[in-house]
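The values are calculated or read from the model by the stated rules, or taken from the named source; none is laboratory data. Being a predicted model, the structure only gives us computed values, none of them experimental. Neighbour counts are summed over all protein chains in view; Cβ atoms, including those assigned to glycine, are modelled from backbone coordinates with ideal geometry. To get the accessible areas, we keep the full protein, side chains included, count just its heavy atoms, and leave off ligands, DNA and RNA. Shrake-Rupley method; radii C 1.70, N 1.55, O 1.52, S 1.80 Å.
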Amino acid sequence: CGRGPGGCRGGRTDMALRCAASRGAGRQPRGPRREGTVRWSSAAKASAVKINEKASREKILTLESMNPQVKAVEYAVRGPIGIKKPFTEVIKANIGDAHAMGQRPITFLRQVVALCTYPNLLDSPSFPEDAKKRARRILQGCGGNSLGSYTASQGINCIREDVASYIERRDGGVPADPDNIYLTTGASDGISAILKILVSGGGKSRTGVMIPIPQYPLYSAAISELDAIQVNYYLDEENCWALNVNELRRALNEAKAYCNPKVLCIINPGNPTGQVQNRKCIEDVIHFAWEEKLFLLADEVYQDNVYSEGCQFHSFKKILYEMGPEYYNNVELASFHSTSKGYMGECGYRGGYMEVINLHPEIKGQLVKLLSVRLCPPVSGQAAMDIVVNPPVPGEESYAQFIKEKESVLNNLAKKAKLTEDMFNKIPGVHCNPLQGAMYAFPRIFIPSKAIEEAKAHKMAPDMFYCMKLLEETGICVVPGSGFGQREGTYHFRITILPPVEKLKILLEKVKDFHIKFLEKYA
C-alpha cells in the first residue's frame, strides 16, 4: 500500500481503512470530494475491521491484573441513581454539595479569586479595596504574579501564614507555626497523605487505623487502597452518637490480636451523624491517644456548622494545648479543614489545609517529599482557602456584606437541621437524633422482615434496597447507612439538609409518604 515498511500492520485503523478502501471494489467515489476525505464501501469497512481484529491482542490491564487494593475500594456517597422514572426530577440529597443545591457563593471570596484569576480587574472600580488588597498579596506570593504558576509543595507561604493566624484566633491565642501548615487539595488530600505515610508493616504488625462507625467513606476507601487494617469503633446512637472511651478501648484491645493499631481518626462535628463533641469527650480521647501512643487525626471540616443550643466547637489542638505540656509536647496530631463545607460550600475549588504538630523532624521531610510528587495543590483553591481564614474584619469595606451572607447561610442551616429532625421523628418507624452540627441527618429506619427477605433475594443490603425503592418511586437520592457502617441489625440512610427550606419540606413529606407505604406493603 506504500504506507512505509510496515504497510498497514500494527493495528492502525485509519491506515487500514485507507488500504482496504484502495483494495475494495476499485471504483472511484462519485461526485466531488474534499481533499483528504475518502468514502468507504461496506466491503472496505469489513476488511478494515478484520485487519484490526488480527492486530489486537490481550489487554495488559484487566480486572484480574489491576491493583487489587483499588478494586476493593468502595465509596458509598457517589454511585448509580437508577434509570429514568415517572417523576419530574431527581433530587440528589446524597452529597454535601451546597452550591449545587442552590446556596449562593460568598461574594467576597469570589471577588478575591476573580481578581487573582484576572489581575486586570484590579483596576476596576467595581471591586472593593479590601478584596484588591488580599488579591495583590496572594499574587505576590505566586511565581510571575500569576495564579497559573506552580507553588511550593506546602502551598503559598503568605496563605500558610494566614492559616496559622486564623488558628491562633480561633483557639484563643494557642500558638500556630506556618511551617506546620500544609495546603491541600481539599481535606481529603491531606487525610490520604497522612495515612499513606503512617501505614507500614505486614501480618500482625500491619498498621491498624481506628475509625468511627458510622464513618465518612473516605476513610475506609483510603485504608482499603493502602491495604491497611480498618479498626471499627462504634458511636453511641442511644446517646446522640457520643464517642465513648470504653468503646475505643474495646476496639483497640481486640485489634491488637491481628494488627498494630497506631492511628485514631475523629470526625468532629460528625459526618454522617452530626454530633458535636463536648470538651470532656475530647479530653478523654486525647488522654486515651497519649496513653496508648496513637497518632490522632482530627477531621474538623464542619467546624463552622454547629447549630444546637449548648453545643460549641472545640478544636482538638486547643484542648490538647490546655491539657498541659505533657500532652501538648507529645501527642502527634493532624487537623484538617476545607473550603467545601462551613458557610462557604466551595467544593469545586478543592481548597483545604492540614496542621500537623509534634511530627518527627525526619518524617516532616518525608511528608514534604510525598506532597512534592503531586507538585502543589490547585492555586485557585489555595486562594479560596485564604479568604476562609482571612475574611473581612470590622472597619473594612466588605465586612457588613460578608457577615450578613455568612450568618444567613448558617442560620438557614440551623433552621433546616431542626426542621429535618422534627419531621423525621413524626414518621412511624423512623428515629432521628438531634442534628447538632454538619450538614446531614442520619435517621434510623425500621425495615420489616418481609422487605429484608426481598432485599436478600436481590442480593442487596436491606437499607440499599430501601434507598433504591425510595429513588425509583420518588426521585429522592440518599445514601444507605450500610455505606457508612452501622451496628448489626440497624438500618439508616444519610440525607443532606442543603436544599432550600421549601424544597426540603417537600422532600421530607415525600420520604414520609414513601415510608408509610413501604411499611404497609411489607408488613
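Which of the peptides 215-223, 472-480 is most tightly packed, and how do the rest follow, judged by the mean count of other Cβ atoms within 10 Å per residue? Intermediate results must be reported in sequence, preceding the final value.
Numbers: 215-223: 23.0, 472-480: 20.7.
In decreasing order of mean packing, 215-223, 472-480 become 215-223, 472-480.
Mean separation of Cα pairs under 8 Å and 6 or more residues apart, divided by the residue count, gives the chain a relative contact order of 19 percent.
The simple Förster model, with R0 at 41 Å and r as the Cβ-Cβ distance, assigns residue 117 and residue 326 a FRET efficiency of 0.30.
Which value, in debye to the nearest 20, gives the size of the charge dipole of the chain about its Cα centre, when Lys and Arg are +1 and Asp and Glu are -1 at the Cβ?
Values: 66 positive and 56 negative charges, 710 e Å.
The dipole magnitude comes to about 3420 debye.
Accessible-area rank, largest first, for 290, 241: 290, 241, with all protein chains present and a 1.4 angstrom probe. Can you pick out the pairs among 293/416; 256/317; 469/503; 133/415 whose Cα atoms lie more than 29 Å from each other? In this structure, 293/416; 133/415 exceed 29 Å between Cα atoms. Helix 245-255 and the long axis of the chain differ in direction by around 50°, with both axes built from C-alpha atoms.
Full extension of the chain between residue 363 and residue 375 yields a length gain of 2.5 nm, computed as 0.36 nm times the residue separation minus the alpha carbon distance. Excluding residues fewer than 8 places away in the same chain, name every one of the aspartates and glutamates whose C-alpha is closer than 12 Å to that of residue 426. Result set, ordered by chain and number: 509, 513. In the complete set of protein chains, residue-level accessible area for residue 304 is approximately 40 Å², probe 1.4 angstrom. Using the average count of surrounding beta-carbon atoms within 10 Å as a protection proxy, the listed peptides 449-457, 492-500 rank, highest first, as 492-500, 449-457. Sequentially through region 364-379, phi angles give Karplus couplings (6.51, -1.76, 1.60; θ = phi - 60°) of 4, x, 5, 5, 4, 4, 4, 5, 5, 4, 8, 6, 6, x, x, 6 Hz, Gly and Pro residues having no value and appearing as x. When the accessible area of the chain is computed with all protein chains present and a 1.4 Å probe, what percentage of it is carbon and sulfur? So the carbon and sulfur contribution to the accessible surface is 51 percent. Does region 289-423 come out rounded, prolate or oblate, given a ≥ b ≥ c as the square roots of the eigenvalues of its C-alpha gyration tensor, rounded meaning a/c under 1.5 and, failing that, prolate meaning a/b above b/c? Oblate shape, in that a/c is at least 1.5 and b/c is the bigger or equal ratio.
Measure up 92/369; 262/318; 318/505; 132/341; 132/404; 280/404 against 31 Å on the Cα-Cα distance and list the ones that go over. Walk me through the numbers on the way to the answer.
Numbers: 92/369 39 Å; 262/318 22 Å; 318/505 38 Å; 132/341 25 Å; 132/404 20 Å; 280/404 33 Å.
Correct reply: 92/369; 318/505; 280/404.
Taking a straight line from the alpha carbon of residue 510, these aspartates and glutamates sit under 18 Å away, with near neighbours fewer than eight places off in the same chain left out: 89, 421, 422, 463, 472, 473, 502, 520.
Adding -39500 (n - 2.57) for every DSSP H run of four residues or longer, then dividing by how many residues the chain holds, sets the calculated 222 nm ellipticity at -13000 deg cm²/dmol. Scalar couplings 3J(HN,Hα) for region 326-342, obtained by applying the Karplus form with A = 6.51, B = -1.76, C = 1.60 to θ = phi - 60°, are 4, 8, 4, 8, 10, 5, 7, 9, 10, 10, 10, 9, 8, 7, 6, 10, x Hz; x denotes Gly and Pro.
Once all protein chains are placed together, residue 471 keeps about 10 Å² accessible to a 1.4 angstrom probe. Taking 15 Å as the straight-line reach from the Cα of residue 459, none of the aspartates and glutamates fall in range once those fewer than 8 positions away in the same chain are excluded. Once the Cα-Cα distance is subtracted from the 0.36 nm per residue extended length, the residue 258 to residue 59 segment shows a gain of 67.9 nm.
The candidates 250, 169, arranged from most to least accessible area with a 1.4 Å probe in the full protein assembly, appear as 169, 250. Annotation: per residue accessible area for the chain equals 48 Å², rounded to a whole number [probe 1.4 Å, protein chains only]. Rolling a 1.4 Å probe over the protein heavy atoms leaves residue 446 with an accessible area of roughly 120 Å². Taking 171, 422 and ordering them by how much accessible surface each has at a 1.4 Å probe, largest first, produces 422, 171.
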